Every structure is written in structure tokens, then in C-alpha cells.
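**Q** My questions all concern the structure below.
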Amino acid sequence: MAEEVAAAKDDDGAAPPAGADKAAARASLARPGKVSWWIRLVVLIFALAAIGVIWTTNTLLTSRFSETTRNRAEVRLALFTGNVMSELQRNSVVPLLLARDPLLISSLNTSEYSVTSQRIMSAQTEIGAASIILLDVTGRVVAATDRMQITANQSQRPAFVDAVRSKDTVFTLSEGATGAYDFSYSRAVLSEGRVVGVIIVGVELAKFERVLSGIADAVALIDSENKVILSTEPRWRGKPLGEALTEPPPANALERALQATSDWTRPSPDAYVGGEAVIRNEARIPFRGWRLVSFTTYASIRDQVNAVLALEIMGFAVLLALIFYILSRRARRQSAAFRRESAELRQLNARLKREIAEREKVEKDLAVAEQTLAQSSKLAALGEMSAAVSHELNQPLAAMKTYLAGAQLLLQRKRPEEALSSFQRIDDLIERMGAITRQLKSYARKGGEALEPVDFRLCLSSALSMMEPTLRTRAVRIARSVPKVPVKVQADRVRLEQVIINLLRNALDATKDVAMPQIDITLSAGETASLSVRDNGHGITDLDNLFEPFYTTKKPGEGVGLGLAISSGIVKDFGGRLTARNATGGGAVFEVQLPILSASSQAAE
């Protein structure tokens with residue numbers, strides 16, 4: 001910034017008033033923050049007022065239009081109820097008139113039906129009945145407005161049976177083959193006091209279903225047993241009204257949310273038809289306990305309410321746009337100061353990016369150095385174990401030499417079977433030596449970056465196997481407690497073994513001057529996998545700096561103080577932690593805690 005100010009100076013050495021402009025700009029930027037609260041308050045009050053007005057308008061208009069719609073539906077139901085009663089009463093007198101017709105009685109007595117059907121058709125045209133059928137005493141159709149029914153036997157038809165038994169005009173409601181109901185009046189035709197036939201007049205109530213659909217969205221005619229006998233919904237016929245209205249709940253959460261949202265915008269609905277809220281109206285028909293029920297949706301109501309709400313929302317939108325326009329004029333006056341400030345921020349951002357890039361490069365170099373130090377620490381451990389390993393390998397070599405000499409002597413004495421057993425022992429010794437060298441090579445290689453599920457128990461066993469030659473040179477008592485079931489953790493096997501070996505080496509170093517050295521190793525599995533290594537040495541003098549790099553209590557040349565620092569970093573990479581404390585009664589305890597791998601996590605892996 002000093003360089004920019006120096007470059008911006010005039011030729012006479014005096015700085016231009018840019019500094020003053022910047023100070024003024026910063027002051028202008030600070031003022032909006034102090035006074036913008038009242039702008040937010042005005043906008044908030046305006047929004048709350050708009051919501052309140054829209055809410056009140058919606059509630060009042062919805063209630064008003066719902067009541068108007070309900071009243072209109074009730075008036076239409078009253079008119080339709082009168083039409084149904086008029087149709088029933090007009091058709092109820094037809095059987096009585098036809099049953100006294102001399103022509104029909106004469107035809108039934110003489111079995112002469114040449115003009116009977118013509119007579120019935122004329123009556124149908126004059127009266128407007130749906131159908132008229134004349135049956136003889138056996139139930140055979142002898143005349144009908146529908147010529148296809150002549151000669152058919154309807155002796156089992158309820159209308160015929162009831163008319164013969166009652167000898168008076170009876171009304172019959174029966175379900176047809178297609179699921180629709182048939183309405184009919186029937187009466188016995190008497191001649192000299194005996195039944196000679198039955199006249200059946202069909203009532204055309206099904207035609208009203210088309211008219212019913214015009215007064216409401218769904219209408220149903222219900223009998224005294226609450227069963228639907230006529231409806232604009234064909235699937236309702238023959239069912240109780242409650243069962244007909246039953247609709248399965250929405251199949252998914254989205255449909256349930258939409259239904260709840262739509263119900264929120266209107267009064268409590270009377271019922272649901274097809275999952276849609278409706279207004280229910282009911283009118284009684286003074287005939288056999290019948291009722292007429294209509295269901296009207298809120299669609300027309302919502303259309304009327306939404307038209308008014310749209311006008312209100314438009315007005316509020318215009319007012320809000322005017323408010324924002326007034327505020328935008330003030331914002332434009334501040335935009336110049338913002339642009340000057342943003343230019344300075346871009347320059348600062350560029351400098352910060354360069355510094356971040358340099359810092360990332362240093363961090364990458366540090367990570368490489370840490371990995372190199374970790375590998376060096378492993379190689380140092382291998383150097384310490386080399387003497388013990390060479391001693392461990394000398395014993396099998398000496399035994400192999402002895403077995404080889406014995407095998408040679410046995411071959412000279414023509415005893416190849418016994419010589420073969422000596423060669424087998426030599427092969428076993430070679431396998432043992434190979435196992436020792438394989439462990440050292442596996443430990444010497446670098447660990448991978450990728451983590452995988454490993455058994456903590458196997459890592460502990462492998463680390464103890466690699467430390468076995470060193471442990472044999474020392475009279476140290478090792479007490480180990482390990483679960484019988486696998487303890488799975490997410491880690492790199494080689495690096496986890498490196499941590500365990502570092503802890504074992506520290507425990508051996510701590511018990512050099514102890515008369516009866518002992519190391520207790522405990523592996524447990526609970527919420528976390530925990531490995532505890534305890535020794536009976538001299539303890540820890542400085543717990544605060546224990547895990548700092550290059551901190552060591554060893555003599556010069558015996559260690560560089562990187563083992564615990566590297567081990568702590570490895571455990572942190574695995575998502576765990578390495579802690580240390582002085583044990584009660586003397587000695588130190590190092591504890592490794594790692595997240596345990598659950599069964600579901602293993603399945604995902």
C-alpha cells in the first residue's frame with residue numbers, strides 16, 4: 001500500500017487527496033451498516049402487513065363463498081327432490097289404471113294378445129314410463145314395450161312375486177345384471193276376484209343421474225339402509241355410503257404434503273371424495289326413507305378467492321417495487337465507493353493467494369520430510385535388531401551344518417531314509433530363517449497411504465515376532481492379554497506395526513536398570529480399540545514434551561527423539577490418539593486408541 005501511495009504522488013512530492021477519498025469511502029461504507037436496520041425493519045413490517053392482509057382476505061372470502069356455494073347446492077337439492085317425488089308419484093298410478101283396462105283383462109282371459117302390445121306402447125307414450133310389461137298368471141311375458149322380452153319367463157322376478165302376494169300396487173327395487181338398479185311399480189290384474197296376470201311399470205330414475213352431475217361434482221341417492229342406489233359415480237352403486245367414500249391414503253410423502261397444504265387454505269372439509277376435500281349437502285326424500293347427498297369441491301370457491309388475492313398480491317408487488325426503487329437510488333450513490341474498495345481487495349486477494357501457494361508448498365515439503373524421518377526411524381530400529389537377528393540366524397546355521405554332516409555319514413552307510421529326515425530338518429530350519437528375513441523386509445518397506453480393515457491382534461503378533469530376537473537377549477517377562485475375537489480397525493498394517501514396535505522398544509529401554517523387568521500388553525475392544533503397553537521402569541519425567549520431535553531422555557548416540565512423535569502422527573492419521581501417563585506403583589503406560597470398525601462399516605468397505 002505504501003508503494004501505491006508513493007506512485008500516486010504528484011511531481012512536487014505532495015500526495016494527492018486519494019487517502020482522504022478512501023477514508024470518506026470507508027466512512028460511507030460504514031454508515032449503511034448503522035442505518036440499514038431501519039430499512040430492514042420497514043421491509044419486514046411491509047411484508048408482515050401484506051401477509052396479514054392476504055391471510056385475512058383468504059379466510060373471510062373462503063368462508064363467505066363456501067357458505068354461498070352450500071346454500072345454492074341445498075336449493076338445487078330441494079328442487080331435484082321434488083322432481084324425483086313427482087316422477088315416482090306419476091308412475092305409481094300407472095299399474096292401477098292398466099290393471100283395470102278391459103282390453104288387457106280380456107286378453108289375459110282369452111290368451112289373445114294381438115293388440116295388447118300396441119295398447120301398452122300407447123300407454124307408455126301417453127304417460128312417459130320407462131317400460132311396461134304384461135305377464136300372465138304363470139309369469140310369462142305376453143306383452144311388452146320391448147318386443148325382445150315377449151315370451152320370456154319372469155316368474156321369479158321380485159316385482160311379479162310381490163304383486164301376486166299383495167294384490168295391490170307395490171314398489172320394487174332390484175339390482176340388474178350390469179350393477180345398476182331397476183325401479184318398478186307392479187300390480188296384479190284381477191278378473192272375477194282371481195289373479196290372471198301382473199302389470200309391471202318401470203320407473204326411469206337413471207335419467208336423473210345425468211341431471212345430477214350438473215348440480216354438483218358427485219351426487220348419490222341412498223335408500224333407508226344407507227346403500228347407494230343411484231349415483232354419478234358408477235363405482236358407488238350397491239355400496240354403503242361410508243365404504244364408497246373410503247379412499248386409500250396418499251401413497252407418498254409428496255402427495256400427503258400437497259393434500260395438507262390444500263386443506264390449510266380452506267375451512268375444515270365435510271368429507272373427502274377421491275382424496276379431494278368437498279362440501280357435503282343432504283336432503284331427505286319423503287319416500288321409503290330415501291336421501292339425496294351431494295358433494296361439491298372447493299375448486300370454484302378457490303377460483304373466486306384466488307382472483308381477489310391475485311389483485312391484492314399485484315398491488316403489494318407494485319408497492320414493494322416502489323420501495324426497492326427508492327432504496328436502489330441510495331445504493332447507486334454508494335456503488336462508486338464499493339468499486340474502489342473492491343479493487344483494493346482484489347489486490348490484497350492476489351497477495352494472499354501467492355502466500356497460500358508458498359505455504360502449501362512448504363507443507364508438502366514438510367510432509368515428505370516427516371515420511372522420510374519415519375522411514376529413517378524404522379531403519380534405525382532394524383539396525384538395533386540386526387545383532388539379535390544375526391544371533392537368531394547363527395543357531396539354525398550351526399544346526400544345519402550338523403544335520404548336513406550327519407546326512408552325509410548316513411548316505412555313506414547306505415541309510416538314505418534316515419538321511420532324508422535330516423534333509424527335512426534342514427528344510428524346516430531354512431523356512432524359519434526365511435520367516436525372520438521376511439518380517440524384516442516387510443517392516444523395512446514404506447507404508448501405503450490407503451487405509452484398510454486390519455486385525456489389531458495380527459499386527460500385535462507380527463510386531464512381537466519381529467521383536468522376538470531382541471526380547472530373547474533380555475530377561476524380560478512379557479504378559480499379554482488379547483481378545484479371542486478379531487479387533488478390526490481402519491489402518492495401514494505396516495505403519496500400525498511400526499507404532500507397536502516403537503512402544504515395545506521404549507518399554508525395553510525403560511526397564512534396562514530394573515532387576516525384574518516386566519512389560520504388560522493389553523488389547524481390549526469396546527467403543528474403541530485400545531492397546532495398552534505398561535512397563536515397570538523409572539516412569540516419565542516430562543509428560544508435556546514427551547511427544548515433541550527430538551525430545552529424548554536417552555544418552556547421545558542412543559536415540560534422536562523421533563519415535564514417539566512419529567508414532568503419535570501415525571495414530572492421528574488413523575483417526576485415533578496416543579496418550580502416556582505414569583502408572584500407579586511405578587513405570588509408564590502408553591495407550592493407543594483407534595476407532596473400532598463396525599460390521600456395517602466393514603460391509604460398506
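The values are calculated or read from the model by the stated rules, or taken from the named source; none is laboratory data. Keep in mind it's a predicted model, so treat the numbers as computed, not measured. Heads up, the Cβs are rebuilt from the backbone with ideal geometry, glycines too, and the neighbour counts pull from every protein chain shown. For the accessible areas, the whole protein counts, side chains as well, though only heavy atoms, and no ligand, DNA or RNA atoms are used. Shrake-Rupley method; radii C 1.70, N 1.55, O 1.52, S 1.80 Å.
**Q** Going by the conditions given, is Asp168 open to solvent by 60 Å² or more (accessible area, probe 1.4 Å), in a strand (DSSP E or B) and touching a strand residue (DSSP E or B) at 6+ places or on another chain (Cβ under 9 Å)? If you could, list the steps in order and put the result at the bottom.
**A** Details: open to solvent by 60 Å² or more (accessible area, probe 1.4 Å): yes; in a strand (DSSP E or B): no; touching a strand residue (DSSP E or B) at 6+ places or on another chain (Cβ under 9 Å): yes.
No, not satisfied.
**Q** Out of (1) touching a helix residue (DSSP H, G or I) at 6+ places or on another chain (Cβ under 8 Å); (2) modelled with pLDDT under 80; (3) more than 23 Å from Asn71 (Cα to Cα); (4) open to solvent by less than 30 Å² (accessible area, probe 1.4 Å), what's the single condition that is false for Ile229?
**A** (1)
**Q** Considering each of Arg425, Arg413 in turn, give the residue that is among the charged types (D, E, K, R), modelled with pLDDT of 80 or more and more than 30 Å from Leu523 (Cα to Cα).
**A** Arg413
Here's the yes/no breakdown for (1) open to solvent by 60 Å² or more (accessible area, probe 1.4 Å); (2) at pLDDT 80 or above; (3) among the hydrophobic types (A, V, I, L, M, F, W, C):
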{"site": "Glu3", "(1), (2), (3)": "yes, no, no"}
{"site": "Ala8", "(1), (2), (3)": "no, no, yes"}
{"site": "Arg26", "(1), (2), (3)": "yes, no, no"}
{"site": "Leu48", "(1), (2), (3)": "yes, yes, yes"}
{"site": "Ala73", "(1), (2), (3)": "no, no, yes"}
{"site": "Asn83", "(1), (2), (3)": "yes, no, no"}
{"site": "Asp101", "(1), (2), (3)": "no, yes, no"}
{"site": "Tyr113", "(1), (2), (3)": "no, yes, no"}
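**Q** Just to be sure I understand the filter: pairs with C-beta atoms under 6 Å, separated by 6 or more residues or on different chains, first member in the stretch 146-169 and under 17 Å from Leu98 (Cβ atoms), second member part of a helix (DSSP H, G or I). Which pairs pass?
**A** Pairs that qualify, where the first residue is under 17 Å from Leu98 (Cβ atoms) and the partner is part of a helix (DSSP H, G or I), are Gln154/Phe160; Thr169/Pro95; Thr169/Leu96.
**Q** Evaluate the following for Ala253: is it surrounded by fewer than 17 Cβ atoms within 10 Å (Cβ to Cβ), more than 30 Å from Ser184 (Cβ to Cβ), modelled with pLDDT under 80 and not hydroxyl-bearing (Ser, Thr, Tyr)?
**A** Yes: the conditions hold for Ala253.
**Q** Go through Glu363, Glu370 for me and flag whichever is at pLDDT below 80 and either among the acidic types (Asp, Glu) or not in a helix (DSSP H, G or I) (or both).
**A** One residue alone meets the criteria, Glu370.
**Q** What number goes with the only condition from (1) at negative phi; (2) at pLDDT below 70 that Arg235 does not pass?
**A** (2)
**Q** So which of Ile120, Ile132 ends up being at pLDDT below 85, out of contact with any Pro (no Cβ under 8 Å at 6 or more places or on another chain), of a type outside the set (Gly, Ala, Ser) and open to solvent by less than 10 Å² (accessible area, probe 1.4 Å)?
**A** Just one listed residue meets the conditions, Ile120.
**Q** For the stretch 553-605, which positions are part of a helix (DSSP H, G or I), touching a helix residue (DSSP H, G or I) at 6+ places or on another chain (Cβ under 8 Å) and modelled with pLDDT under 80?
**A** Gly563, Leu564, Ile566
**Q** Moving to a separate point now. Taking strands (runs of 3 or more DSSP E) that fall entirely within the stretch 457-527, which contain at least 1 residues that are among the aliphatic types (A, V, I, L, M), modelled with pLDDT of 85 or more and surrounded by fewer than 19 Cβ atoms within 10 Å (Cβ to Cβ)?
**A** 477-481, 518-525
**Q** Let me ask something else about it. Kindly indicate whether Ser184 is of a type in the set (Gly, Ala, Ser), assigned to a strand (DSSP E or B), under 19 Å from Ala123 (Cα atoms) and within 60 Å of the chain's Cα centre (by Cα).
**A** When the stated conditions are applied, Ser184 passes them.
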